[in-house]
Amino acid sequence: MKQFTFLASLILATLSSISAQTEGDNVFGTDQILGVDVSFYDSNYWSLLNDEYDGDQNYIPAAISITTTDGTVMLDSVGIRLKGNSSMMHPGNKKPFKVDFNRFIGGQSYDLLKKLNFNNGFKDPTFVREKVFYDVCEAAGILSPRATFAEVTFNGTPWGFYTVVEQIDDQFLDRSIGDDAGHLFKAGSNFGGGDGEASLVYLGADQSLYEDAYELKQNVSDDWSDLIGLIDFINNASDQDFETQLQDHLDITPYLQSAALDNLFSNLDTYALSARNYYLYHNMTTNRWQWIKWDSTETFGSYAFGVPGDMTELDLDFDGGNEDRPLLERIMESDVLREAYYAEMCWLRENWFNSEFLEPRLDELKALVQSAVYADDNKMYSNNQFENN
């Protein structure tokens, strides 16, 4: 009887430990460099990957081995595909890619995650800009994916040093918000027709007018009326209603923090300038939209098309310049909302965007990645550029 009680307690403790595990803790919970070995079943994998990217961006199957500080896990029949837009211009074969663990085996996951994104350090000689930016987001409680690093091989061939980024999906929502039953939109393709930008400009009530700029990622039905309603309010509410009721539509303080952080880091390949690379989530519990960051590979002023002057001295009120960005423009036009935006910028400056926080973190990350960066023969920049940047 005592033996049975002991075994039952052990089983319950194990189940409790599993249920308490947070998605991605083994991958993102500590500073580390993953070892990721991809073994494609087809020796012609590189041509297949490129063919699928040029076509419907479908996945091809492979086995994968992932080594973390907790050990090595091997999985069969995961999906691999190339991804990205400008980062696909990285010279050579070191392209960004995505891993889908349950693409070919339903329910398969790794560290309770369905997908991981591998970014190739395009336009970043340091390899740490994206990681630093997301670390500040996490410290400040701003909704964003987590990031770590990996050394990757394809079929035994060293492929390079990558940044590994969490997927924005229902697991991310459950972990970070505690609500995953709402509507999730990604902004946006930006390379199709129509408006071509996820600028939050109102184009009318017809859903088809928005489908080239926003992508529905999660919804119980193909109903965009709530997103169109938000955009309608942003553009067409009176000045007084916009100022007093925006908080009823959008989780406003976190958005102001998010926008202020983009300004501080000159992260402009997002709503403020390119009008892409963000997610909007309609939280059904609060009935407000929440802003989620995405694709910060060109932070630290790497993306500055058409913006005059020095990116280290970006105008505090920057709202797209000559571009039409009604959400930011109307916030800057409101004395109340603009002052709230300044307050969040000061809060970020006092706590995280300062030498006391950033310089030790940069030193830690440099020490972590330097040998792996030096060993990457496929990187875009030289070792001297790594040091200088």
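Observations on the model:
- Volume of the Cα convex hull of the range 133-192, divided per residue and given in Å³: 153 Å³
- Rounded to the nearest 500, the helix-only mean residue ellipticity at 222 nm of the chain stands at -11000 deg cm²/dmol, with each DSSP H run of n ≥ 4 adding -39,500 (n - 2.57).
- For M380, the accessible surface of its heavy atoms amounts to roughly 60 Å² (probe 1.4 Å, protein chains only, rounded to the nearest 10).
- Paired Rg and Dmax values of the chain, which use every Cα atom, in angstrom: 21.9, 78
- Net charge, F386 excluded, C-beta distance under 9 Å - Lys, Arg +1, Asp, Glu -1: +1
- With Cα atoms, 0 to 90° folded angle of helix 45-54 axis to the chain main axis: 20 degrees
- The range 334-364 versus the range 226-251: alpha-carbon centroid distance in Å: 26 Å
- Using Cβ point charges alone (K and R +1, D and E -1), the dipole size of the range 46-117 about the Cα centre works out to roughly 180 debye.
- Using the alpha-carbon positions of the range 172-305, Rg (one decimal) and Dmax (whole number) come out as 14.6, 39 Å.
- Highest-MSF residue in the chain out of D135, D212, D241 [GNM, Cα springs under 10 Å]: D241
- Once C-alpha pairs closer than 8 Å and six or more residues apart are averaged by separation and normalised to the residue number of the range 225-324, the relative contact order reads 25 percent.
- Relative protection proxy for 150-160, 178-188, 362-372, from highest mean packing down: 178-188, 150-160, 362-372 (other beta-carbon atoms within 10 angstrom).
- Dividing the mean sequence gap of close Cα pairs (under 8 Å, 6+ apart) by how many residues the chain holds gives a relative contact order of 16 percent.
- Protein accessible area in the chain, 1.4 Å probe - carbon and sulfur %: 48 percent
The values are calculated or read from the model by the stated rules, or taken from the named source; none is laboratory data. Everything numeric in this text was worked out from a predicted model, so none of it was measured. Counting neighbours? That spans all protein chains shown, and the Cβs are built from the backbone with ideal geometry, glycine included. Just so you know, the surface numbers come from the protein's heavy atoms only, side chains and all, with ligands and any DNA or RNA stripped out. Shrake-Rupley method; radii C 1.70, N 1.55, O 1.52, S 1.80 Å.
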